[in-house]
1. Chains A and B: buried accessible surface, both sides, probe 1.4 Å, rounded to 100 Å²?
2. Quick check: residue separation of B:TYR158 and B:HIS395 times 0.36 nm, minus the Cα distance between them. What number comes out in nm?
3. Extent of region A:246-302 along each principal axis, from alpha carbon coordinates, in Å, largest to smallest?
4. Cα extents of region A:155-224 along the three principal axes, largest first, in whole Å?
5. Go through A:LYS72/B:LYS287; A:LYS72/A:LYS289; B:LYS226/B:LYS331 and tell me which ones have a Cα-Cα distance over 26 Å in this structure.
6. Whenever you get a sec, line up A:GLU257, B:GLU398, B:GLU277 from highest to lowest accessible area (probe 1.4 Å, protein heavy atoms).
7. When all C-alpha to C-alpha distances in region A:361-435 are sorted into bins of 10 Å, what percent of pairs does each bin hold, rounded to whole numbers?
8. What is the average number of partner chain Cβ atoms found within 10 Å of a Cβ in B:444-455?
Number of protein chains: 2
Amino acid sequence: MSAPLRPPAEGEAAAGPPRPAQHSSQASHRLLAYSDALLSIIATVMILPVAHTKIHADQKLGESIQQLLLTKIAVYLMTFLIVTVAWAAHVRLFQVIELIDDVLALLNLACMMLITFLPYSFSLMASFPGVPVGIFMFSTCAVVIGLIQAVIVVYGFYHPYLLNHQIQAAEHQAVYKYRILQIILRGPVFCLLAAVFSFFFIPVSYVLLGFVIFFPHITQLIIWCKNKTIGSRAEEPHSLESFTFYLNEPLSKERVEAFSDGVYAIVATLLILDICEDNVPDSKEVKDKFHDSVMEALSQYGRNFLAYFASFVTTGLLWFVHHSLFLHITKATRFMGLLNTFSLAFIGGLPLAYQLTSEFEKKSHNEIEAIQVSCVIAFFASIFQFAIWITALFHERETLHPLARYGGKEHAFMFAKLALYPCVSLGAFFLTCLLSEFSTAIFHIMQIVVPFAFLALRILVRMSLAIIKSILSVSRRKNVLLDEEETCLSPAETLS
Amino acid sequence: MSAPLRPPAEGEAAAGPPRPAQHSSQASHRLLAYSDALLSIIATVMILPVAHTKIHADQKLGESIQQLLLTKIAVYLMTFLIVTVAWAAHVRLFQVIELIDDVLALLNLACMMLITFLPYSFSLMASFPGVPVGIFMFSTCAVVIGLIQAVIVVYGFYHPYLLNHQIQAAEHQAVYKYRILQIILRGPVFCLLAAVFSFFFIPVSYVLLGFVIFFPHITQLIIWCKNKTIGSRAEEPHSLESFTFYLNEPLSKERVEAFSDGVYAIVATLLILDICEDNVPDSKEVKDKFHDSVMEALSQYGRNFLAYFASFVTTGLLWFVHHSLFLHITKATRFMGLLNTFSLAFIGGLPLAYQLTSEFEKKSHNEIEAIQVSCVIAFFASIFQFAIWITALFHERETLHPLARYGGKEHAFMFAKLALYPCVSLGAFFLTCLLSEFSTAIFHIMQIVVPFAFLALRILVRMSLAIIKSILSVSRRKNVLLDEEETCLSPAETLS
């Protein structure tokens, strides 16, 4: 069952050479990678106004954070969610359309351009909730995006060689087309209504927009609840009508990875963007303030560098865990995609953590609160990764690589990797409560030390596996948890 | 000959499922994609201090540009070049090492972290050329990066199943290892000398660093000149010793694409980053200055929006041309890689163009100069793309897809696509000299109209091909330039 569920698009597009032979169509692989890169950067962009909020040294962080929480963080999270919804729609669209040509590439770029404008219109909406400008701009963008996507679908069905092979082979192409158009245009119709209502009665517009954004998740929840109450989990795939098939199937794993990579990469580099712009001392200032000693001028940025390295290590290792996790996942379901989105949204908050911890080094109360915020962000980012793994374990036959399933060779390992960050961040959080002299410097050094913990973990897991193995072999029982990596056997022997 | 030249890494890694079965090794595909994303963002990061340089409205742009040109743009270009050299070294390294495991992934992340620090240390070097701090920091980073890469190589040879299949099958692995280590450590040794000399006699350090950066290109040039004077172009591949093979072969096309995508994506979104941070009106300001009318407040940003859309369209279309070009290129040689780097360096300058054109709308002299700078940037970015195509045509049997070769179906098309931007930017440049009332608004509208020119071009090329075809068919000769796309034939018929 799993084989026909998966469209052959990704594998083919990535592996094969470009196929411009027929009708000048092209593999869509690179277009999608570029779109993923754009969308992931756009999703994380709204963290910048949050991170760059100036907090006065005499202000208490508690108040400032409340003020931040209420507006800018909400804007960031909503933007992230909105762009993720747009991204998911894009994934679905290009699961229907597998090959592209020049016209589609240009239409897609137009679509991207409008999506990059969504965060801006959304932040207008948040700044002036009572004025129709923001919501009107947002809805109009959404409508135009929907129309462009509809044009892409119509164009695709007009040139059927661009379509998914299964749709190409299907008998009722027209039915498919109208069904897909209906799904794509459902959102824009609501947005159009929202745009119209924005001039008369703004609350209705907000309700409509909220409905558009949460609709896929709500329907998913309803289906899930229905299945739970009736208890017919096995029937689920069969109850779907054949043509909604392509739109409800799991997200393309490759694109989930590409999107996540983009978010991790931009988060890791947002930090260095700031450093390169703000922390190069001015030659005039060096002469006047630091007696012409550049070293002295740089030493004032010491904490920024430490904070930068610590944040990079955290981002890098969370990427590493994500990478290891998705190596073992064979299929990303919708719910796992949602959990991944939540995890990424917190990852996007790391620059804020960096900004906070590098800003308040020597002010005891604020400093502790800044560290706590960082811990909370890291905790949620990692706990949602853990949740993806737990979800995958629930349906391990479909979603996990055999080695990572319960009892598999890599299972204990994966578990330890995923549990490390939640434990470390929780530990750091409680340390801040207990130790009064806990400081940012200690926190950052802790962050930098974690990779060595990863390596130590590797050795620890192996040792404990070896101990279990020897205990089991003493009791003369065959054990499942064979770990053959320690001794370097030839590939032929280890393949079994 | 072309088949064994290409390592099987990319295809396998992208297409196949992850292979964690043997020795817990993993396909390196995603690690490389993530590294490419990080490196491309880092390469373009130094355009920010250039683009954000405040120019006073009363200053003449001419002077400011001179000041900019001398320091910040030089820093940007050098950073771009340095990061590209680091990227190329990374590509070569992971052509030797094909599979990764957890240790290699962590070592690679450490390497990335240090590379992200290079732009900063370089800008320190540029700000304080007479002080050893900058050059010492830079050289130290380079040395540590080299050491980490050496550790990666040693680790790889210690676990031979991680290596390239050809090296795995080779008899003299130890010879390979020492040769590769020698190549990798050559740069760091010079950097170490530079770091030492920075305390005694700084000019020597600069000479040494310049040598490291330009060394690969100089040797390439020498080899090329030698071959030209002796005239033994065909002998070239044979004259290489067997073990330098992997390090002199063409760059992985997939990674060139990934790196380019990253640069285009970050350039396209740097603009919206600025807009989201700077152009959301303050609610207080709206009340005081604009009589509570958000629309009025937004209208002052009108030119920014226009400039943003225009820049996005330019970036998007240049990406589109790049995408089309690399669809037809089957192998990216070193020289093509270098041309691509130059093209990307100018692409990275587009945010500067945006900043300039959005800043000086109504000031006639500066405005014209800002437009001219934008034209120059777009011209060079596109002319280097054109140069890649010309280079590919010189060795079309090895580097081009049959359809795009001279006389091929897509040849005229590709030519037209690549020639469009140089022509448009040159045209706009000369218009600024001729028309006195030429303004930024006209320029941006021109930029936005270009995609329609792309579509018009498509129709134009087809029409001219059809005319040529009909002329040829009138003279009863078989013609080569068959363009069968207009009539929708079945795939079987068009395959020939």
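1. 8300 Å²
2. The B:TYR158-B:HIS395 span can extend by a further 81.4 nm.
3. 68, 16, 11
4. 47, 32, 16
5. Over 26 Å apart, Cα to Cα: A:LYS72/A:LYS289.
6. So the residues, ranked largest to smallest area, are B:GLU398, B:GLU277, A:GLU257.
7. In order of increasing distance, the bins hold 19, 37, 22, 15, 7, 0 percent.
8. Neighbouring Cβ atoms belonging to other protein chains average 1 per residue here.
The values are calculated or read from the model by the stated rules, or taken from the named source; none is laboratory data. Please read these numbers as outputs of a predicted model, since none were measured by experiment. Positions of Cβ are generated from backbone atoms using ideal geometry, with glycine treated the same way; all protein chains shown enter the neighbour counts. Surface accessibility is based on the protein's heavy atoms, side chains included, excluding ligands, DNA and RNA. Shrake-Rupley method; radii C 1.70, N 1.55, O 1.52, S 1.80 Å.
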